[in-house]
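Participant: Okay, here's the structure, questions in a sec.
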Amino acid sequence: MQTAKDAEFSFLNEHAEADLNDVMPTQFRWPVSRLQTVERVLMSHILIVEDETIIRSALRRLLERNQYEVSEAGSVQEAQERYDIRGFDLIISDLRLPGAPGTELIKLAEGVPVLIMTSYASLRSAVDSMKMGAVDYIAKPFDHDEMLQTAARILSEREQASSTPQAQSTQPTAAAEATQGEIGIIGHCAPMQDLFVKIRKVAPTDSNVLIQGESGTGKELVARALHNLSQRAKAPMISVNCAAIPETLIESELFGHEKGAFTGASAGRAGLVEAADGGTLFLDEIGELPLEAQARLLRVLQEGEIRRVGSTQSQKVNVRLVAATHRDLKNLAKLGEFREDLYYRLHVIALKLPPLRERGSDILEIAKAFLARQSARMGGEEMHFSHEAEQAIRHYSWPGNVRELENAIERAAILSESPEISAELLGVDIELDGLDDEYDEHCEPLGGGSTGAPSNEPTEDLSLEDYFQHFVLEHQDHMTETELARKLGISRKCLWERRQRLGIPRRKSSTTAG
């Protein structure tokens, strides 16, 4: 069985050789206005304190590959004996070490930021370490993007904090720069641009936000953008997947517990809501939250206070809640499966993420970003899509959205025996014959704006979908797909999607007009 340390090593070892500038796709790059600061922090001196030699070496290679100066130690005692701990710009330490724990470095460092690494099982211990003064924590296993972004952010904030008071008064703060900067998500289509406008308006407020969208559309990226562009950007954003925590533990995880509150509670623990104090709490899949936990969450929103499981005392918290779901909460509330009062508290501002199939040319741009990142991870020749692969990416409906697209590209890159990714390697269920190069970004409703549809067809007793099916079956023997789409006043992509939805196969003999 693979241990947590093994999983951590496999992540680090896989990614250690990637170069930052080659790895980072558009959505992860720093705004141009901060490049000079980034250049300064890249030469920073980082101390790694980790007792596992293999993991420590892999992390060192990752950081050195990205122009950081790195020193290492296997314990707090070794770090004290070998180095002047106060002379580093950042310390990255495992929480659990032989001898003194990693949190001991917070006192010894005297102001040097300490980033704590911890496994998911020790997440609440990491929360405690932040209360002791750790600048942030990162859960294991983590990938190279996450570590590099976290380190760069901490060093950048330290650089700004060390500026003179006069410079601080004339230069924008990190939060202000973020507000003026990038959202951090690829999206040039109209629905995404509209979403970005709303994010910029909503982010500076403390209003609760409900993010709606199909699974795999990137709801956590929107939550992260809301946090990064807010006044809470320097405080933690705590992310919780409500569907991933057992129902018996969810209240304890969110709200904490007192010693003896239940069997096995040998000590009191802070909850994740408490850990998010001053920052943002992101509850993904909130529709899966049990009704009892919903009642406790409502108290947080109404009164701004929590009560640990087993406690009679309440304590104040200042948390901004961002929730996400792919389910219809209003309908769940009608069925009694979700509290109606909580629904209306969450629904102050609702942001809707469009599915990938409705994002037009964004699909190919996102695919290329994923392929660039996967190529860098594998360390080989830069990869690219064949023309047919690009057509398949554009025309496939991607029911699993961005997550499905990322997985398909990762699989294709691994299996490909050449730098060119073929359509077959993507493994999508789409017929490539006859797909043309024309691609409409918007799929208009059937019949909408159509001036080319024939007027002599019997439409009086047919619905629009009945008419579509009747017309396609009647004419597909002597018309190409392009001609059918033009007559119906829709794009080739929409024609294919409606064939799929209505179960109308293309006839193999339909090739007379090419």
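Participant: Tell me the residue from Ser129, Ser122, Ser156, Ser163 that is among the small types (Gly, Ala, Ser), modelled with pLDDT under 70 and in a helix (DSSP H, G or I), please.
Facilitator: Values: Ser129 fails: modelled with pLDDT under 70; Ser156 fails: modelled with pLDDT under 70; Ser163 fails: in a helix (DSSP H, G or I).
Result of the check over Ser129, Ser122, Ser156, Ser163: Ser122.
Participant: Has region 21-30 got any residue that is of a type in the set (Lys, Arg), outside any helix (DSSP H, G or I) and either surrounded by fewer than 21 Cβ atoms within 10 Å (Cβ to Cβ) or at pLDDT below 90 (or both)? Steps first, answer last, please.
Facilitator: Taking region 21-30 first, the residues of a type in the set (Lys, Arg) are 29.
Of the ones still in play, those that are also outside any helix (DSSP H, G or I) are 29.
So of that shortlist, the ones also either surrounded by fewer than 21 Cβ atoms within 10 Å (Cβ to Cβ) or at pLDDT below 90 (or both) come out as 29.
Yes: region 21-30 contains one or more residues that are of a type in the set (Lys, Arg), outside any helix (DSSP H, G or I) and either surrounded by fewer than 21 Cβ atoms within 10 Å (Cβ to Cβ) or at pLDDT below 90 (or both).
Participant: Is it fair to say Ala276 is in contact with a His (Cβ under 8 Å, 6 or more places away or on another chain) and buried (at least 19 other Cβ atoms within 10 Å of the Cβ)? Working first, answer last.
Facilitator: Numbers: in contact with a His (Cβ under 8 Å, 6 or more places away or on another chain): no; buried (at least 19 other Cβ atoms within 10 Å of the Cβ): yes.
No, not satisfied.
Participant: Another one. Any chance region 190-202 includes a residue that's crowded, with 19+ Cβ neighbours inside 10 Å, in the same structural domain as Val317 (by TED's automatic domain parsing) and in a loop (DSSP other than H, G, I, E, B)?
Facilitator: No; the residues of region 190-202 include none that is crowded, with 19+ Cβ neighbours inside 10 Å, in the same structural domain as Val317 (by TED's automatic domain parsing) and in a loop (DSSP other than H, G, I, E, B).
Participant: Continuing with this model, one more query. Identify all residues within region 286-304 that are under 27 Å from the mean Cα position of the chain (by Cα) and among the acidic types (Asp, Glu); write none if there are none.
Facilitator: Residue satisfying the conditions is Glu288 alone.
Participant: I've got another one for you. Residues in region 218-238: is at least one over 13 Å from the mean Cα position of the chain (by Cα), closer than 20 Å to Leu289 by Cα and part of a loop (DSSP other than H, G, I, E, B)?
Facilitator: No: zero hits.
Participant: Moving on. Would you please name the residue that is surrounded by the most Cβ atoms within 10 Å (Cβ to Cβ), looking only at residues in region 325-343 that are outside any helix (DSSP H, G or I) and of a type in the set (D, E, K, R)? Break it down stepwise before answering.
Facilitator: If we filter region 325-343 for residues that are outside any helix (DSSP H, G or I), which is where we start, we get 325-328, 335-339.
Filter again for of a type in the set (D, E, K, R), leaving 327-328, 337, 339.
On the way: Arg327: 15, Asp328: 13, Glu337: 13, Arg339: 19.
Applying the filter and picking the extreme gives Arg339.
Participant: Can you pull out the residues in region 297-321 that are touching a helix residue (DSSP H, G or I) at 6+ places or on another chain (Cβ under 7 Å) and in a helix (DSSP H, G or I)?
Facilitator: Of everything in region 297-321, those that are touching a helix residue (DSSP H, G or I) at 6+ places or on another chain (Cβ under 7 Å) and in a helix (DSSP H, G or I) turn out to be Leu297, Leu298, Val300, Leu301.
Participant: Looking at the structure I just gave you, is Ala367 under 22 Å from Glu146 (Cβ atoms) and either out of contact with any strand residue (DSSP E or B) (no Cβ under 8 Å at 6 or more places or on another chain) or in the same structural domain as Gly287 (by TED's automatic domain parsing) (or both)? Explain how you work it out, then say what you get.
Facilitator: Values: under 22 Å from Glu146 (Cβ atoms): yes; either out of contact with any strand residue (DSSP E or B) (no Cβ under 8 Å at 6 or more places or on another chain) or in the same structural domain as Gly287 (by TED's automatic domain parsing) (or both): no.
For Ala367, the condition - under 22 Å from Glu146 (Cβ atoms) and either out of contact with any strand residue (DSSP E or B) (no Cβ under 8 Å at 6 or more places or on another chain) or in the same structural domain as Gly287 (by TED's automatic domain parsing) (or both) - is not met.
Participant: Let me ask something else about it. Considering only region 322-334, I want to know if a residue exists there that is in contact with a helix residue (DSSP H, G or I) (Cβ under 6 Å, 6 or more places away or on another chain), assigned by TED's automatic domain parsing to the domain that holds Pro204 and farther than 22 Å from Ser215 by Cα.
Facilitator: Looking through region 322-334, none of the residues is in contact with a helix residue (DSSP H, G or I) (Cβ under 6 Å, 6 or more places away or on another chain), assigned by TED's automatic domain parsing to the domain that holds Pro204 and farther than 22 Å from Ser215 by Cα.
Participant: Please determine, by comparing only the residues of region 79-106 that are among the charged types (D, E, K, R) and in contact (Cβ under 8 Å) with a residue 24 or more places away in the chain, which one is surrounded by the most Cβ atoms within 10 Å (Cβ to Cβ). Show your work before the answer.
Facilitator: Step one: of region 79-106, the residues among the charged types (D, E, K, R) are 81-82, 84, 86, 89, 94, 96, 104.
When the remaining residues are screened for being in contact (Cβ under 8 Å) with a residue 24 or more places away in the chain, the result is 86, 89, 94, 96, 104.
Numbers: Arg86: 10, Asp89: 20, Asp94: 24, Arg96: 13, Glu104: 20.
Here the answer is Asp94.
Participant: If I ask for residues that are closer than 21 Å to Met147 by Cα and acidic (Asp, Glu), which ones from region 64-80 would you list?
Facilitator: Glu64, Glu69, Glu72
Participant: Filter region 357-366 for residues that are more than 20 Å from Asp328 (Cβ to Cβ) and either of a type in the set (Val, Ile, Thr) or surrounded by fewer than 24 Cβ atoms within 10 Å (Cβ to Cβ) (or both) and give the result. So that I can check it myself, show each step before the final result.
Facilitator: The first filter runs over region 357-366 and keeps only residues more than 20 Å from Asp328 (Cβ to Cβ), leaving 359-366.
Across region 357-366, the qualifying residues are Gly360, Ser361, Asp362, Ile363, Leu364, Glu365, Ile366.
Participant: State all residues of region 217-237 that are of a type in the set (Gly, Ala, Ser) and touching a helix residue (DSSP H, G or I) at 6+ places or on another chain (Cβ under 8 Å); if no residue qualifies, say none.
Facilitator: First pass over region 217-237, keeping only residues of a type in the set (Gly, Ala, Ser): 218, 223, 225, 230, 233, 235.
Residues satisfying the conditions are Gly218, Ala225, Ser230, Ala233.
Participant: Select the helices (runs of 4 or more DSSP H) contained entirely in region 371-450, then report the ones holding at least 3 residues which are at pLDDT 85 or above and among the acidic types (Asp, Glu). Full working, then the answer.
Facilitator: Values: elements: 387-395, 401-415, 423-426.
Ranges flagged: 401-415.
Participant: Starting from region 309-332, keep only residues that are under 17 Å from Ala295 (Cβ atoms) and touching a residue at least 60 places away in the same chain (Cβ under 8 Å), then list their pairs with residues that are surrounded by 13 or more Cβ atoms within 10 Å (Cβ to Cβ) and hydroxyl-bearing (Ser, Thr, Tyr) whose Cβ atoms are within a distance under 6 Å, requiring at least 6 positions of separation or different chains.
Facilitator: Short answer, once both residue conditions are applied: Leu329/Tyr343.
One line per residue, one yes/no per condition, for (1) at pLDDT 85 or above; (2) part of a strand (DSSP E or B); (3) over 20 Å from Lys219 (Cα atoms):
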residue: Ala265; (1), (2), (3): no, no, yes
residue: Ala295; (1), (2), (3): yes, no, yes
residue: Ala323; (1), (2), (3): yes, yes, no
residue: Arg345; (1), (2), (3): yes, no, no
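A quick yes/no check of all residues on (1) in the same structural domain as Leu272 (by TED's automatic domain parsing); (2) under 26 Å from Glu159 (Cβ atoms); (3) not in a strand (DSSP E or B):
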| position | (1), (2), (3) |
| --- | --- |
| Arg60 | no, yes, yes |
| Glu81 | no, no, yes |
| Leu105 | no, yes, yes |
| Ile116 | no, yes, no |
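The values are calculated or read from the model by the stated rules, or taken from the named source; none is laboratory data. Keep in mind it's a predicted model, so treat the numbers as computed, not measured. Using ideal geometry, Cβ is built from the backbone for each residue, glycine included, and neighbour counts are taken over all protein chains shown.
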